[in-house]
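Trainee: Shown below is the structure under consideration.
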Amino acid sequence: MDISSLVSSLPALIGMLPLVMQVTQLVFQLFFIWFFGSVSMRGYRGNKTTMLKISGILFTGALCFFASASFAGFVPFFSSGIFSMLQLDMAIAGIVVSLVMAGALSLMTHQQSAEKAEETIQKLMRKVAALEDMLKNKKAHLTETEAKSLAQKAMEGFKALGAKMIGNDYEVSMSKGEEKATVVLDMWDGEVKMEMKHEAAILQFLKDPEKVAGLVIIAIIAISAAILFEGFPNPMDDIASMFGMSADELGDLTQSMADSPLLQADIPEGCVSPMVFTSYYSQLQDKDFLLDHVYENEAVAETVRQNCGDPDAMIMVEHEGKEIVIALIMSEAKVAYLTDGVFCMCVDAGA
């Protein structure tokens, strides 16, 4: 891309800077939410359907992202300067919170953990032995009476009311005063597969200290994050602070730059871009430099006079083998420049 094409695209690029920053921030936020949620859900021990996995990742990820903004200030060495602007403090805080969240979910779902391989092998060996005994002694599956007896042994104090066969299992209804329960056992070898008391789910949950501990941990994270939350970081604020201004002031500056006549105007053929003057900024503030480069030429002065106004002073500099004349029209607060004698542009410096 040549310089003229680059300069012509600068207004659009500068004007889009705030939008680009917002879109970039949104992309990073979505990435953090999904990443934090994926780490957290590794602690979930139950079977994860696709819908449960996605909803769990989004929920835990959003909570961890919210908490990361609250706890970012406690991350040593990464809570200020360039690290904060790159949001490394939030990333580290979010990872720590995600790992704690994974531990909490593991506690809350500990009874749903997958069976270990050695346990599965032992169970299969017992079933094979039971089947061999049945074939050898020509036994049938358990009777209803036998199933009820085994269920009562499994849940001491409860009385078996009835047993019904469902598939390869017996489902035995149990009672102990006002309490009701169900025992599911294998119809062939009598293995107890499940003991379930019929009580409110909240009561079952509260009776399990590990589940309660997991819930308390998550509650502490959520409450602490809400108390400490001061808003999500804005990269524009960090960038603006580097220049000693607010985000609003930086936005106004980028807009004024995008609207600048130097960027909006078409550059005549043969003229250098007005952006080259940025490299001479310090020299143009130096009186000695200005005095050494004073330029006088009536024909050039007349060209400036016709296109911009009566010049009060002119200086000439050489840039990449081209002679550039800069004319100052103080009375009208205008600046004009020529390249190799070709008039290029008149800019209202007071606009």
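The values are calculated or read from the model by the stated rules, or taken from the named source; none is laboratory data. For clarity, every value in this text was computed on a predicted model and none was experimentally measured. Cβ sites come from the backbone with ideal geometry, for glycine too, and all protein chains shown count toward neighbours.
Trainee: Would it be correct to say that residue 8 is at pLDDT 75 or above, in a helix (DSSP H, G or I) and either within 30 Å of residue 274 (Cβ to Cβ) or not hydrophobic (A, V, I, L, M, F, W, C) (or both)?
Mentor: Taking the combined requirement at face value, the residue does not satisfy it.
Trainee: Another one. Note down all Cβ pairs under 7 Å where the first residue falls in region 298-322 and is at negative phi and surrounded by 13 or more Cβ atoms within 10 Å (Cβ to Cβ), the second is part of a loop (DSSP other than H, G, I, E, B) and of a type in the set (A, V, I, L, M), and they're at least six residues apart or on different chains.
Mentor: Note: pairs meeting the criteria are 319/272; 322/272.
Trainee: Within region 135-154, is even one residue surrounded by 11 or more Cβ atoms within 10 Å (Cβ to Cβ), farther than 23 Å from residue 208 by Cβ, in the same structural domain as residue 189 (by TED's automatic domain parsing) and modelled with pLDDT under 65?
Mentor: yes
Trainee: Now a separate question. Please work out which residue is nearest to the chain's Cα centre (by Cα), limiting yourself to region 54-69 and to residues that are of a type in the set (A, V, I, L, M) and farther than 16 Å from residue 217 by Cβ.
Mentor: If we take residues in region 54-69 being of a type in the set (A, V, I, L, M) and farther than 16 Å from residue 217 by Cβ, then 62 is nearest to the chain's Cα centre (by Cα).
Trainee: Does residue 39 satisfy being surrounded by 15 or more Cβ atoms within 10 Å (Cβ to Cβ) and either at pLDDT below 90 or not assigned by TED's automatic domain parsing to the domain that holds residue 222 (or both)?
Mentor: Considered against the rule, which asks whether it is surrounded by 15 or more Cβ atoms within 10 Å (Cβ to Cβ) and either at pLDDT below 90 or not assigned by TED's automatic domain parsing to the domain that holds residue 222 (or both), residue 39 comes out as no.
Trainee: Looking at region 288-304, can you tell me whether even one residue there is of a type in the set (S, T, N, Q) and either more than 52 Å from the chain's Cα centre (by Cα) or more than 14 Å from residue 271 (Cβ to Cβ) (or both)?
Mentor: Yes, region 288-304 has at least one match.
Trainee: Right, here's the next one. Give the residue, chosen from 84, 79, that is within 23 Å of residue 221 (Cα to Cα), modelled with pLDDT under 75 and not in a helix (DSSP H, G or I).
Mentor: Selected residue: 79, the only one of 84, 79 that is within 23 Å of residue 221 (Cα to Cα), modelled with pLDDT under 75 and not in a helix (DSSP H, G or I).
Trainee: Here's a follow-up. Take the residues in region 316-339 that are modelled with pLDDT of 85 or more and among the acidic types (Asp, Glu), then tell me which one is farthest from the chain's Cα centre (by Cα).
Mentor: The extreme case among them is 323.
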